[in-house]
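Nothing in this text is a laboratory measurement; each read-out follows from the coordinates by a stated rule. Fair warning: this is a prediction, and the values are worked out from it, not measured in the lab. Backbone-built Cβ (ideal geometry, glycine too); neighbour counts: all protein chains shown.
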Amino acid sequence: MKIVICWAHGVGKSTLAKALQQKFNIPVLHDIVVDAHKLGFTINENTPMETQMRLTGKQLEQEKIHPKFIGDKCIFDYYIYAKALGMDEHMTHAIKKVALNTYNYDHVFFIKPEFPIVDDGLRSTNIEFQNMVHATYENFLKEENISFSYLTGGVEERLEQIYQKINS
């Protein structure tokens, strides 16, 4: 089973992924964005294209080596952020092509924005940037006819929605 939880940064995806890991005993993909930040790469509004390409490759590698996983990030994220940031059109198109040609998720969950961004020192707290990522993400999923389920409410409510969808 391959489960991904989508949306912008700082909305609780990691919290849900850890709870799902305990429930289903499936690994959560390693957070390559945190690794990149620790290595000195610029993340969020000022992320350069080279970093975005590096992250795309690292995500693709993780998704290919794990037969089952839970992702609080997925290959779509790197296209979405490149698009939202207005990065080079040719490179953004290449990332989109990689994403669309390689993903094979069993379940895609999309968190609707309901709570303020938690400032963890890594992720941007700029609400306009987060809203731009959200709109870009939602439009992408719909335009590409990618089947997904919305998650709303608190952690327990979101988990219940995930369990119901997986068990249906």
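Points worth noting:
- The chain: angle of helix 49-65 to the longest principal axis, Cα-based, in degrees nearest 10: 30
- Ser149 long-range amide H proximity, modeled H, under 5 Å: Val108, Phe109, Phe110
- Residue-count net charge about Ala17 - beta-carbon cut-off 10 Å; Lys, Arg +1, Asp, Glu -1: +1
- Distance between the C-alpha centres of the stretch 95-131 and the stretch 39-72: 12 Å, rounded to the whole angstrom.
- Correct option for Kirkwood radius over Cα pairs in Å [calculated from the coordinates] among [x] 19.3; [y] 16.1; [z] 18.5: [y]
- For Phe69, distant residues with modelled amide H under 5 Å away: Lys2, Ile3
- Low-density loop positions, GluC sites (Glu not before Pro), the stretch 69-143 - DSSP coil, at most 15 other Cβ in 10 Å: Glu114
- With the charge dipole of the stretch 2-166 set up from +1 on Lys and Arg Cβ and -1 on Asp and Glu Cβ about the Cα centre, the Cα lying farthest toward the positive end among the listed residues Ile43, Thr15, Gln62 is that of Gln62.
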